[in-house]
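Right, one structure below, let's go through it.
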């Protein structure tokens with residue numbers, strides 16, 4: 001095999017693994033938008049909060065971040081429900097600019113609080129998985145990334161199953177389609193929105209747990225992650241869960257290819273080009289719903 | 001004995017008053033029509049009953065109990081079902097899912113399966129399409145679904161906002177014929193229509209014009225031409 005082919009396959013496979021995690025935090029962002037039409041620009045900070053939470057569990061108990069998923073997931077679920085009821089509920093149905101400003105304010109608050117607690121330094125965990133590699137011929141993959149990918153796929157599968165098959169999942173989809181119509185058939189849209197937003201934050205927390213395995217965190221990490229969720233969601237189609245997951249994988253593959261064949265410093269450039277192309281020519285994305293309400 | 005009482009209802013959107021003074025009562029088992037031209041306040045009246053918009057003044061009571069400032073889902077749980085203007089089915093849900101999300105177990109002893117069977121019995125076309133995404137169906141089929149969905153919570157009162165709007169005459173006849181069948185099972189119906197042929201269906205009703213009741217009476221009184229002329233043409 002020529003070295004170019006090896007690099008290509010390596011970039012595609014690494015992109016797929018990293019992309020699973022991008023997809024995982026993008027679906028949370030997409031869920032909040034799809035159900036409540038909230039553009040939650042604080043989603044990256046919520047992922048970061050999950051990373052710090054997993055880091056704290058690791059500091060206190062030495063537990064691997066993968067084992068911290070249940071407790072961090074519950075923590076972010078509670079944070080999400082609280083955030084929705086105290087802040088975001090007031091901005092459902094309001095102008096996007098208002099939502100944006102509120103979300104930016106929330107993200108600043110989260111950043112500042114985390115900076116006060118943990119300081120500005122970059123912090124990581126010594127995960128057994130993060131430092132070991134699966135080597136297969138000329139290819140190598142971090143066990144941490146493999147584990148993260150598996151967790152992401154499980155989460156997306158479970159979420160999709162819940163949305164399609166359970167009563168609450170169907171109610172969430174009904175509210176996403178038409179909140180007023182859902183109310184008049186007896187659905188408490190406030191309760192349903194709270195659950196949907198809490199689930200969105202729970203997914204951010206789980207994404208934080210798997211990210212911290214191989215990606216150290218500092219108070220600027222949230223801001224660095226947010227554009228990826230946004231771009232993944234636009235590529236996949238606003239409000240589509242499967243689309244956001246697919247979009248996350250595409251983003252990561254594009255990054256890996258760029259950094260392998262061009263320069264790691266430029267890995268985000270094609271992402272923004274993709275964002276512009278999709279916004280201009282394919283506003284519904286790959287799997288977006290064309291029936292607006 | 002009345003099922004629904006609306007007294008001196010006044011509703012507006014900001015400075016615009018859509019309903020100025022509307023009173024009527026609906027008795028159990030009847031088909032009551034709310035007739036009127038565009039902009040006469042029919043839809044707003046239904047939206048006020050459903051809790052979708054807060055009245056400025058007036059009283060709405062179900063079986064003697066004032067509804068007060070309760071949320072639309074609480075109104076639905078009291079047994080008032082609303083088939084809204086424009087149908088408003090959930091386009092990205094299957095026909096089955098549109099119906100199952102509207103089932104309220106607290107309202108009835110019947111199982112979900114049993115009520116689904118009743119609705120599918122009433123509208124066999126929906127059963128044929130039960131797996132289809134609701135948004136891909138024809139207007140008439142969507143109207144059937146909207147009515148079926150409203151029946152899922154075993155209502156005491158079924159309110160329909162212009163179910164004939166945008167339907168072919170054949171489909172309109174079919175929908176009206178189904179409404180009669182539903183009524184014959186004892187369900188009370190409050191029907192909002194611009195289409196005066198709805199009078200043939202009615203036991204009684206009112207004619208609204210410019211947010212006030214201009215005429216009230218039984219079917220015979222409503223069908224007298226001068227009433228209709230007055231309401232629609234203002235002569």
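Cα gyration tensor of segment B:154-218, axes a ≥ b ≥ c as square roots of the eigenvalues: rounded (a/c below 1.5), prolate (a/b > b/c) or oblate?
Numbers: a/c = 1.85, a/b = 1.22, b/c = 1.52.
Since a/c reaches 1.5 but b/c is at least a/b, the shape of segment B:154-218 is classed as oblate.
What fraction of the DSSP beta bridges in chain B is antiparallel, stated in percent and rounded to the nearest 5? Could the numbers behind the result be given before it?
On the way: 21 of 41 bridges.
If I count the DSSP bridges inside chain B, around 50 percent turn out antiparallel.
For the Cα atoms of chain A, what angle does the longest principal axis make with the long axis of helix A:167-177, in degrees from 0 to 90, nearest 10? In chain A, helix A:167-177 runs at an angle near 80 degrees to the longest axis.
At 0.36 nm per residue, and after removing the present C-alpha to C-alpha distance, how many nm does the segment from residue A:97 to residue A:5 gain when stretched out fully? Present the calculation step by step, with values, prior to reporting the outcome.
Values: separation 92, 0.36 × 92 = 33.12 nm, distance 4.61 nm.
Taking residue A:97 through residue A:5 to full extension adds about 28.5 nm, to one decimal.
How much length is gained if the chain between residue B:118 and residue B:85 is pulled fully straight, taking 0.36 nm per residue apart and subtracting their Cα-Cα distance, in nm to one decimal?
Values: separation 33, 0.36 × 33 = 11.88 nm, distance 2.37 nm.
The span from residue B:118 to residue B:85 would gain 9.5 nm if fully extended.
If you model chain B as an ellipsoid using its alpha carbon gyration tensor, with each semi-axis the square root of five times an eigenvalue, the axes come out at 28, 20, 17 Å, biggest first. Look at the alpha carbon pairs under 8 Å that are at least 6 residues apart: their mean separation over the length of segment B:109-194 gives a relative contact order of 30 percent. Distance between the 7 Å Cα→Cβ label points at residue B:74 and residue A:78: 2.9 nm.
Per-residue ellipticity at 222 nm for chain B, helices alone: DSSP H runs ≥ 4 residues times -39500 (n - 2.57), over residue total, nearest 500 deg cm²/dmol?
On the way: 9 runs with 79 residues, N = 235.
Mean residue ellipticity, 222 nm, calculated: -9500 deg cm²/dmol.
Placing R0 at 45 angstrom, the Cβ-Cβ distance between residue B:13 and residue A:56 gives a FRET efficiency of 0.35 after rounding to 0.05.
Taking the Cα atoms of segment A:3-281, the ratio Rg/Rh between the radius of gyration and the Kirkwood radius comes to 0.97. Reported to the nearest whole Å, the Cα centre-to-centre distance from segment A:236-270 to segment B:133-152 is 40. For segment A:7-88, the relative contact order works out to 16 percent when only alpha carbon pairs closer than 8 Å and six or more residues apart are counted. Distance from the C-alpha centroid of segment A:137-199 to that of segment B:158-185: 37 Å, rounded to the whole angstrom.
For a Förster distance of 60 Å, can you work out the FRET efficiency between the beta-carbons of residue A:63 and residue B:1, rounded to the nearest 0.05? Present the calculation step by step, with values, prior to reporting the outcome.
On the way: r = 67 Å, r/R0 = 1.12.
Efficiency, from the Cβ-Cβ distance: 0.35.
At an R0 of 22 angstrom, the distance between the Cβ atoms of residue B:23 and residue B:66 translates into a FRET efficiency of 0.95. Every helix of 4 or more DSSP H residues in chain A counts as -39500 (n - 2.57), and over all residues that averages to -24500 deg cm²/dmol at 222 nm.
How high is the relative contact order of chain B, in percent, with contacts defined as C-alpha pairs under 8 Å that are six or more residues apart? RCO, chain B: 28 percent. In plain terms, the C-alpha convex hull of the protein assembly as shown casts an average shadow of 28.9 nm² when viewed from every direction.
Bear in mind these aren't lab numbers, they're just calculated from the coordinates by the rules spelled out. Just so it is clear, the structure is predicted and the values come from calculations on it, not from any experiment. Cβ sites come from the backbone with ideal geometry, for glycine too, and all protein chains shown count toward neighbours.
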